[in-house]
Every structure is written in C-alpha cells, then in structure tokens.
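K.L.:
So that we are looking at the same thing, I have put the structure below in structure tokens.
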Amino acid sequence: MTQAILREIIDYANRANPYPLYEELRKTPVSHDGDGPYVVSTYYEIHSLLHDPRISSDAKNLKATGDDPLAGQSDEEGTTLPPSFLKLDPPDHDRLRRMTNRPFGPPHAPHRVHDMRDELGGIVSGLIDGIVGSGQLDRIDLVDQFAYPFPVTVICRLLGVPREDEPRFHVWAETLAASLDPDPDADPTQHGKGSMDARMELGMYLAGLIEERRKNPGDDMLSQLATADGPDGPMTTMEALSTAALLLIAGHETTVNLITNGMLTLLRHPEVLDRLRNDPDLAVPIVEELLRYEPPVQLLPQRTTLSDIEVAGVTIPKGASVWLMLAAGNRDPKRFEDPDRFDPDRKDIQHLGLGSGIHSCFGAPLARQEAQLALSELARRLENPRLLEDPPQYRQNSVLRGPRHLPIACDGIRP
C-alpha cells in the first residue's frame, strides 16, 4: 500500500496535485511495507525526527536501500567532490556549517544578507525590464525569463564571481538543474555526459577562483571561505569547492521553485495578489504561508536511523531508510486548521518548508528575501497578469517540485 502511494507521488501524472496522495499517507503516520522506506507523513512526528540525533543524513549509515522508488535520481551522481555538509552528521556537519555560516550570517556577518537588499532589488528590476524589452507581453515564461536567472545571479554576487563570468555560471546552473530534472525522452548517456562536463567545468573554475582569492581576498563569501582561519581551522580546497557547489545548486533550485510556486498560487488567488500590489509588506506572511502551502522541497528521502526508534507506535530499525514527507506534514489538519486553504493571514505558520533542526535550510534568510522582493515587485509592476496554462507544465523531479514553465500574459508593465 505505502509503496503504491509513493510510486503515485513520484509518477509525473500526479505532479500538479500530489496533495490528495499526501492526505492518504497521513492516515498512517508511519507506514512501511515490503523492503521499501519507512514513510513519515504527519507534522509532529516529522518535526520530532528532524531534531532527533538518532536520525542520520549520511548515506554510509544506510544498511540497504531496498525497494527505493527514487533509485538512480541522486544529484551526487558523477561528481568527485566530497559530500556537502547537507549530507554529513555531527561533528563534521557542525564544523563545516559553522565555517560556512561565519561569512554568511549572524553572529559573525549579521548584515551580509540584509545589505544585499538593494542589489537584489536591482536584479529584480533589471529582469522585469528585460521582459518589457522582449515586447512579448502576450506570452511571458516567468520561469525562463525571471525565476531561473534571478537566484543564480544572486549566488554569483554572493560568492564574488566576476560579472564577466556570470553568463558561464548561468549555463552551468541550467545544465546542472536539468540533471536534477531529467527528460524521460532524452538520451540518458548524452544527458549524463552533459551533467558530468558541467560539474567538471564548474569545479575547475571554482578551484581556480578559490586559489586566486587565497592570494588576493576580497569582501565576498568565497574569499572568506578560502581564507577562513577561525577556531575550526581552514577549509580544504575540496571542502570549499563542495560548499560553493552546494550554495549554487541547492540555493538556486529551491528559490526558483519558491518564486514560481508563489506566483502560480497568487495568480490562482487574485484577491491576495491585489492586496500584495497595494501592500508590499504583505510579502512576508505570504512567503511563509507559501512555504507551508506549496513548499519547494516536498520530501527528504535521505535519512537513516542510527538505532531502533519508536515513532507513533512503530519501531523503525537501525539502518533503515526513512522518508520525511514535509509537504504532507505541512497540510496536517492536526497541526493547521483548514490546511488546504491558502491563507496569508494565518497566525501560526510554523511550517516545515525550510526543514528544522541542525539541517534546517542554510540559505533561508536569503531565500526569504529573494522571494519577498520578487513577488512584491511582480505584483506591483505587472498589469492584469493572468495564467495561460493551468496547471502548467511541471518539472519531472518529485522532490524539488515546481513548474518547469509558467506562461502568463499581462496588459503592460508599470515602471
């Protein structure tokens, strides 16, 4: 039963609306059959496990994958980089995350994200102006023309990639994004080679940039990663490479989906879009409700038990594969009243959209700020925006869920 529902969730035919399947899963908070994963789908149980030190993110602790519906879809395939801290446990995770956090946010760099606000606003304005310049307001793809280029440009500025090299980063990001979202009709050999080549080129470029910044550091994040000399010591070149790649790939993919899911939801709720147009401060609660209602990361399939754990009356044995269904937990009626309703006035939105515990989303402050700026400016500047396809074409990926294209039209674009 559980495996059948999981395969339906992963089936592209249900990508546009997996939520009835999540509702079915929640009838059994912890479900398991055959040799498949243990699936946890209710809010309080997921939240507890995200904070449980007996749950590992390191694949080396997994005894056997068994019947894994996502087998062969790993984003690490073909890379020679060491695992990012996202896939490590303490103490290695804690050391690398502390070192990465020093140049990124509080307490050591409390203003880095806040001080990027004007620059982010400039990037958003430039992209919307580019839509004006295209002269095709009767069919705008908000993914290709806005949501995809925005986050990768931000990551480039954050890392300190020279402006003249940003177009190369856009090409690499697009290729690596495609590797996370494979076309079932594409040649898998050619697809894999393109992904491998992009990873190799990106790695060589970043390695050169890291060495250059060690000799001539600037005020960018990559310089600080390359020259870190705090209580945890310096990062190795490979660790700095792995961390920079994580910031590019993970930071880019989740933000694209957050913005695109956000605009799709707002266009389906025009009364909320009108409110945002007149009150840009409403972007803050809107983004939080979006992270609950349409989270960019739907599930965490790579967790393993370090010992036998009892959850909701079920014993999950040591070394078992555990899937945490974040999107199902976000719509658990035992935690959220009327959970299938999009309500930015909801008073208590302690969602799971950015995870929780030691592996909570590292880039959450930046992702929130990007989404708030993007949605408020799109609401303000687009005149009479409307969907051309509903549902739109979704990405193949069932973990990082969002529209691959979002065709809209509008009557004009305000200055």
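The values are calculated or read from the model by the stated rules, or taken from the named source; none is laboratory data. Computed from a predicted model, the values in this text were never measured in an experiment. Glycine also receives a Cβ, built like all others from the backbone with ideal geometry; neighbour counts cover every protein chain displayed. Remember, those area values only see protein heavy atoms, side chains included, never the ligands or the DNA or RNA. Shrake-Rupley method; radii C 1.70, N 1.55, O 1.52, S 1.80 Å.
K.L.:
Output the residues belonging to the range 270-288 that are surrounded by 15 or more Cβ atoms within 10 Å (Cβ to Cβ) and either farther than 22 Å from His351 by Cα or of a type outside the set (A, V, I, L, M, F, W, C) (or both).
P.N.:
Of everything in the range 270-288, those that are surrounded by 15 or more Cβ atoms within 10 Å (Cβ to Cβ) and either farther than 22 Å from His351 by Cα or of a type outside the set (A, V, I, L, M, F, W, C) (or both) turn out to be Arg275, Arg277, Pro280, Pro285, Glu288.
K.L.:
Check whether at least one residue in the range 395-411 is within 22 Å of the chain's Cα centre (by Cα), within 18 Å of Leu282 (Cβ to Cβ), of a type in the set (Lys, Arg) and open to solvent by 30 Å² or more (accessible area, probe 1.4 Å), and report yes or no.
P.N.:
no
K.L.:
Give all pairs with beta carbons closer than 6 Å in which a residue from the range 306-335 that is among the small types (Gly, Ala, Ser) meets a residue that is loosely packed, with under 13 Cβ neighbours inside 10 Å; count only pairs at least 6 apart in sequence or on separate chains.
P.N.:
Filtered contacts from the range 306-335: Gly319/Lys63.
K.L.:
Criterion first (surrounded by fewer than 22 Cβ atoms within 10 Å (Cβ to Cβ), β-branched (Val, Ile, Thr) and in contact (Cβ under 8 Å) with a residue 24 or more places away in the chain) does Thr243 satisfy it? Break it down stepwise before answering.
P.N.:
Details: surrounded by fewer than 22 Cβ atoms within 10 Å (Cβ to Cβ): no; β-branched (Val, Ile, Thr): yes; in contact (Cβ under 8 Å) with a residue 24 or more places away in the chain: yes.
Here the answer is no, as Thr243 does not meet what is asked.
K.L.:
Among the numbered criteria (1) assigned to a loop (DSSP other than H, G, I, E, B); (2) of a type outside the set (Val, Ile, Thr); (3) surrounded by fewer than 21 Cβ atoms within 10 Å (Cβ to Cβ), which one does Arg368 miss?
P.N.:
(1)
Here's the yes/no breakdown for (1) under 17 Å from Pro385 (Cβ atoms); (2) buried (at least 23 other Cβ atoms within 10 Å of the Cβ); (3) aromatic (Phe, Trp, Tyr):
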| position | (1), (2), (3) |
| --- | --- |
| Arg268 | yes, no, no |
| Leu299 | no, yes, no |
| Thr305 | no, yes, no |
| Val311 | no, no, no |
| Leu324 | no, yes, no |
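K.L.:
Okay, moving on. Please pick out the residue among Thr42, Thr28 that is open to solvent by 50 Å² or more (accessible area, probe 1.4 Å) and of a type outside the set (Lys, Arg). Don't jump to the end; show me each part of the working.
P.N.:
Values: Thr42 fails: open to solvent by 50 Å² or more (accessible area, probe 1.4 Å).
The conditions single out Thr28.
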